[in-house]
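A.B. asks: Would you mind keeping the following structure in view while I ask a few things?
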Amino acid sequence: MNYGQPHGVLLFFDKGRNWSREDRKTYLAAQTEFYTQLQQAGKVLQTGQLVHEEGLFVSLSISSDTELCTILANDPAIVAEVSQVIHAVPVTF
């Protein structure tokens, strides 16, 4: 698979280094809103909560790995290190 071409990616998030921050719920809400906006733009196919974890699951449609890096660099919970990507699985849809 050429990851420079359009493809999908499944992202699994978990607690980040700063999970214990008192304001983490603010960042997690901002993260949810961030992916909701991407869903409205047609980039997010599905989101959800992990069944046995506190983390988030996101299925993205991206044009390249560069776009994925840009998305993650703008995720407010990742920037604040409240959340982190624990798995990123490339897929074709």
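A.B. asks: Modelled label-to-label distance, THR92 and GLU22, 7 Å Cα→beta-carbon offset: nm?
C.D. replies: For the pair THR92/GLU22, the computed spacing is 5.2 nm.
A.B. asks: Would you calculate the volume per residue, in Å³, of the smallest convex hull containing every Cα atom of the chain?
C.D. replies: About 89 Å³ per residue, rounded to a whole number.
A.B. asks: Using Cα atoms only, what is the angle between the long axis of helix 24-40 and the major principal axis of the chain, expressed in degrees (0 to 90) to the nearest 10?
C.D. replies: So the inclination is approximately 20 degrees.
A.B. asks: Hey, rough spin-label estimate for LEU45 and THR66, points 7 angstrom out along Cα→Cβ, what's it come to in nanometres?
C.D. replies: Distance between the two pseudo-spin positions: 2.3 nm.
Coordinate-derived values only; no laboratory data. All of these numbers come straight from a predicted model, not from anything done at the bench. Backbone-built Cβ (ideal geometry, glycine too); neighbour counts: all protein chains shown.
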